[in-house]
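One structure is given here, and the rest of the page talks about it.
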Amino acid sequence: MTTLTEAPLPGRLRAAWAAAHTPLAGVPRWARIAAYAIPFTVLPSSVWRIAAVTFHAPIAHGEPGSGDVPSWLPMELYVVVLSILSELLAFTAIGLICAWGEAFPSWVPGLRGRRVPTLAAVVPAAVGAAALTLMWTLAAVTTVLGRDVHGRPLGDDFPLNFHDWRGLLAVAAYAPLLLWGPLLGCVTVARWRRRHRRPRHVSGQGTAR
């Protein structure tokens, strides 16, 4: 008779969730809040895209998701893959405050288990924060001005607008992306400061007289 010793699935899921989200000692509260908030800045636009493009919900003007994709890739599937990848990319910010982001994963040849150098984490995160801030700020400004990023006028069927509830819903879904870059920048600074914090020296209990 075989005895099952593995933990139940809910228990394993809770353990995995805790391991992925439990911050390291010394991470300030503001950095934890910023890191945990980043995936939620991406979530609304992902949900909106999947609802409008994949499930064809009547929440957008024109034909959302009519961009150029390979002929063999259905737009409905492309949007789902894009949204999942966006969420995974956003989730990597949490690695800047958690133990799993301190060492290379076991599947990286030659580096498995080794400590991630500070610059190897901070430099890509800083570049990403700057790029995201620039990209989404530019997108927001041009949209408000009624132009695309190339300066051409937006069509009447552009999903993001301020004329009716569909346009406002799209704006509300994409607006949180403006926070992705700045929040990532804050978490990056926290990672740098934590790695370069000077150790406190404890003085002796007694002094010579």
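The values are calculated or read from the model by the stated rules, or taken from the named source; none is laboratory data. These numbers come from a predicted model, not from an experiment. Note that we place each Cβ from the backbone using ideal geometry, even for glycine, and neighbour counts take in every protein chain shown. Surface accessibility is based on the protein's heavy atoms, side chains included, excluding ligands, DNA and RNA. Shrake-Rupley method; radii C 1.70, N 1.55, O 1.52, S 1.80 Å.
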Point to revise | Isotropically averaged projected area of segment 73-145, using the convex hull of Cα atoms (one quarter of hull area), nm² | key: 7.2 nm²
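So which DSSP H runs in the chain come out at 27 Å plus along the axis (Cα) with average Kyte-Doolittle of at least -0.5?
For the chain, where a helix must reach 27 Å along its axis and average at least -0.5, the hits are 29-49, 118-144.
Relative contact order for segment 15-101: what percent, with Cα pairs under 8 Å and sequence separation of 6 or more? Intermediate values should be presented prior to the final figure.
Working: 68 pairs, mean separation 42.5, N = 87.
Value for segment 15-101: 49 percent.
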Check your understanding: Along the principal axes of its C-alpha atoms, what lengths does the chain span, in descending order and rounded to whole Å?
Key -> 83, 65, 34
Check your understanding: Taking the chain as a Gaussian network, Cα atoms linked when under 10 Å apart, which of VAL81, VAL108, VAL171 shows the biggest mean-square fluctuation?
Key -> VAL108
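Calculate for the chain the 222 nm mean residue ellipticity that helices alone would give, adding -39,500 (n - 2.57) per DSSP H run of length 4 or more and normalising by residue count, nearest 500 deg cm²/dmol. Please report the intermediate quantities before stating the final value.
Numbers: 6 runs with 104 residues, N = 209.
After summing the helix terms and dividing by residue count, I get -16500 deg cm²/dmol.
Please list 125-136, 184-195, 141-152, 37-48 highest first by mean number of surrounding beta-carbon atoms within 10 Å per residue. Don't skip to the answer; put the middle values down first.
Numbers: 125-136: 16.8, 184-195: 20.2, 141-152: 11.8, 37-48: 18.4.
The peptides rank, most packed first, as 184-195, 37-48, 125-136, 141-152.
With the full set of protein chains in place, find how many percent of the accessible area of the chain is carbon and sulfur; take the probe as 1.4 Å. Kindly include the intermediate steps, with their values, before the conclusion.
Details: 9490 of 14100 Å².
Summing carbon and sulfur atoms, their accessible area is 67 percent of the total for the chain.
Cα convex hull of segment 104-152: mean projected area in nm², to one decimal? Working shown, then result.
Numbers: hull surface 19.7 nm².
Value for segment 104-152: 4.9 nm².
With viscosity set to 1.567 mPa s at 4 °C, what whole-number translational diffusion coefficient in µm²/s follows for segment 85-209 from Stokes-Einstein and a Kirkwood radius over Cα pairs?
Using the Kirkwood radius from Cα pairs, D works out to 72 µm²/s.
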Revision key, fill the gap. Using alpha carbon centers only, segment 9-58 is separated from segment 78-92 by a whole-angstrom value of 11 Å
Practice item. Please tell me the relative contact order of the chain in percent, rounded to the nearest whole number, where contacts are Cα pairs under 8 Å and at least six residues apart. Key: 29 percent
